[in-house]
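Below you'll find the structure, written out as structure tokens, and then a few comments.
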Amino acid sequence: MTTTSAATPARTVFLLAHTGRPAAIRSAELVVQGLLRSGLGVRVLAAEAADLPLPPSVETVNEATPEVLDGCELLIVLGGDGTLLRGAEFARASGVPMLGVNLGRVGFLAEAERDDLDKVVDRVVTRAYEVEERMTIDVVVHTNGDVVHRDWALNEAAVQKVSPDRMLEVVLEIDGRPVTGFGCDGIVCATPTGSTAYAFSAGGPVVWPEVEALLMVPISAHALFAKPLVTSPTSVLAVEVQRNTPHGVLWCDGRRTIELPPAARVEVRRGAVPVRLARLHHASFTDRLVAKFALPVSGWRGKPH
């Protein structure tokens with residue numbers, strides 16, 4: 001089941017990488033070498049180890065389950081947004097903090113970039129990182145009064161149309177009371193973490209991570225009132241798919257999906273289990289926002305002294 005070195009290191013780090021990219025393979029090699037030189041153990045999935053030039057001292061595990069992180073201090077993820085969300089699934093289920101290294105384009109979940117690999121290794125070795133918890137959402141799908149699906153998301157749960165030539169007719173509900181109904185391409189229910197992802201593309205507000213809230217953002221709605229809604233973190237959001245509409249689809253973090261028949265009801269509430277993220281920097285979210293989106297700030301003079 002597993003392959004281990006002769007001496008079990010006192011500290012072990014799990015490495016998850018998008019091995020389909022040459023840059024990820026090279027980055028993984030550098031991280032592994034740095035951790036091993038410092039006396040830390042490294043564990044990887046066997047399916048990924050086959051694509052990586054790893055020394056025999058690296059531990060490999062076959063099953064891609066949360067249990068493979070047992071005994072690990074940290075989960076290091078190398079890749080783009082999709083790989084980081086895959087890592088978030090492991091982090092949530094295991095409780096192990098995730099440290100993301102962005103090898104893609106935006107990478108809001110990442111704490112470091114490709115050029116920071118030496119710094120990443122040094123901070124991990126010296127335990128010079130902090131851990132924060134990010135809010136998640138729990139998702140329940142009802143059909144004919146029965147619960148037919150349960151899921152979760154770190155970024156968002158999106159109810160979307162399937163037919164390109166017909167809108168999805170929905171009614172929105174907050175805390176058991178109807179708000180509005182319209183035809184649309186979909187509805188995004190997001191966390192503050194997800195406010196810079198799909199919800200942002202749909203026209204939703206950017207919400208600072210320390211703000212606890214739930215977001216509901218319409219996608220291409222045909223209605224006079226179709227504004228993004230920001231609710232209490234204790235609210236329960238619901239999207240009811242109307243009976244006279246084509247079936248829709250539910251996407252959670254763009255990774256897990258289920259078909260929604262007409263009259264399906266999707267309920268979203270604050271998740272019971274957060275995702276723990278390892279942080280290396282003390283830079284404000286404002287600086288991260290400006291850097292990730294390359295926002296124009298020239299001409300800013302700052303607060304007068």
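The values are calculated or read from the model by the stated rules, or taken from the named source; none is laboratory data. Everything quoted here is computed from the prediction, not taken from an experiment. Note that each Cβ is placed from the backbone with ideal geometry, even for glycine, and that neighbours are counted across all protein chains shown. For accessibility, only protein heavy atoms count, side chains too; no ligands or nucleic acids. Shrake-Rupley method; radii C 1.70, N 1.55, O 1.52, S 1.80 Å.
Show that you can apply the helix-only estimate: for the chain, add -39,500 (n - 2.57) for every DSSP H stretch of four or more residues, divide by all residues, and state [θ] at 222 nm to the nearest 500.
That calculation yields -5500 deg cm²/dmol at 222 nm.
By average Cβ neighbour count within 10 Å, what is the ranking of 165-178, 109-122, 72-85 from highest down?
By packing density, highest mean first, the sequence is 72-85, 109-122, 165-178.
Suppose every K and R has +1 on its Cβ and every D and E has -1 on its Cβ; what is the size of the dipole of the range 136-225 about the Cα centre, in Debye to the nearest 20?
200 debye
Once you have a ≥ b ≥ c as the square roots of the Cα gyration tensor eigenvalues for the range 175-216, tell me rounded if a/c is under 1.5, and otherwise prolate or oblate according to whether a/b is larger than b/c. Let's see the in-between values first.
Values: a/c = 3.16, a/b = 1.40, b/c = 2.26.
Oblate, since a/c reaches 1.5 and b/c is not below a/b.
What ranking of Tyr198, Tyr129 comes out by heavy-atom accessible area, probe 1.4 Å, highest first? Write down the numbers at each step before the final one.
Working: Tyr198 75, Tyr129 45 Å².
Listed by decreasing accessible area, they come as Tyr198, Tyr129.
Considering only DSSP beta bridges with both partners in the chain, what is the antiparallel share in %, to the nearest 5?
75 percent
Using a Cα-Cα cut-off of under 24 Å, which lysines could be cross-linked to Lys292, ignoring same-chain neighbours fewer than 8 residues away?
Output for Lys292: Lys119, Lys303.
With the convex hull built on the Cα atoms of the chain, state its orientation-averaged projected area in nm².
If you wrap the Cα atoms of the chain in a convex hull and average its projections, you get 19.3 nm².
For the chain, which whole percent of the accessible surface, found with a 1.4 angstrom probe, sits on carbon and sulfur atoms?
On the way: 7490 of 14480 Å².
Of the solvent-accessible surface of the chain, carbon and sulfur hold 52 percent.
Cβ neighbours within 10 Å, averaged per peptide: list 151-162, 278-289 in order, most packed at the top.
Values: 151-162: 23.9, 278-289: 13.6.
Sorting 151-162, 278-289 by mean packing, highest first, produces 151-162, 278-289.
Can you give the net charge of the other residues whose Cβ lies under 9 Å from the Cβ of Val140, counting K and R as +1 and D and E as -1?
Value of the local net charge: 0.
State the extension gain, in nm to one decimal, for the chain segment bounded by Phe285 and Arg105, taking 0.36 nm per residue of separation less the distance between their alpha-carbons.
Values: separation 180, 0.36 × 180 = 64.80 nm, distance 1.76 nm.
That works out to 63.0 nm of additional length.
Pull out a ≥ b ≥ c, the square roots of the eigenvalues of the alpha-carbon gyration tensor of the range 31-130, then state rounded if a/c is under 1.5, prolate if not and a/b is larger than b/c, and oblate in the remaining case.
Judged from the Cα gyration tensor, the range 31-130 comes out rounded (a/c under 1.5).
Give me the accessible area of Ser27, 1.4 Å probe, in Å² rounded to the nearest 10.
Number for this one is 0 Å².
When ligands, DNA and RNA are left out and all protein chains stay put, how many square angstrom of accessible area per residue does the range 28-172 have with a 1.4 Å probe?
Averaged over the residues of the range 28-172, the accessible area is 42 Å².
Please list 137-148, 215-226 highest first by mean number of surrounding beta-carbon atoms within 10 Å per residue.
215-226, 137-148
If you count only protein heavy atoms with a 1.4 Å probe, what accessible area per residue comes out for the range 177-283, rounded to a whole Å²?
The answer is 44 Å² per residue.
Once label points are set 7 Å from the Cα along Cα→Cβ at both Val179 and Val273, what is their separation, rounded to one decimal in nm?
2.8 nm
Does the range 48-93 come out rounded, prolate or oblate, given a ≥ b ≥ c as the square roots of the eigenvalues of its C-alpha gyration tensor, rounded meaning a/c under 1.5 and, failing that, prolate meaning a/b above b/c? Walk me through the numbers on the way to the answer.
Details: a/c = 1.95, a/b = 1.26, b/c = 1.55.
Note, shape of the range 48-93 comes out oblate.
For the chain, what is the charge dipole size about the Cα centre, in debye to the nearest 20, if Lys and Arg each add +1 at the Cβ and Asp and Glu each add -1 at the Cβ?
Magnitude of the dipole: close to 600 debye.
Can you give the net charge of the other residues whose Cβ lies under 11 Å from the Cβ of Asp253, counting K and R as +1 and D and E as -1? Before the final figure, lay out each step's value.
Numbers: positive: Arg86, Arg92, Arg255, Arg256; negative: Asp81, Glu89, Asp151, Glu156.
Residues near Asp253 contribute 0 overall.
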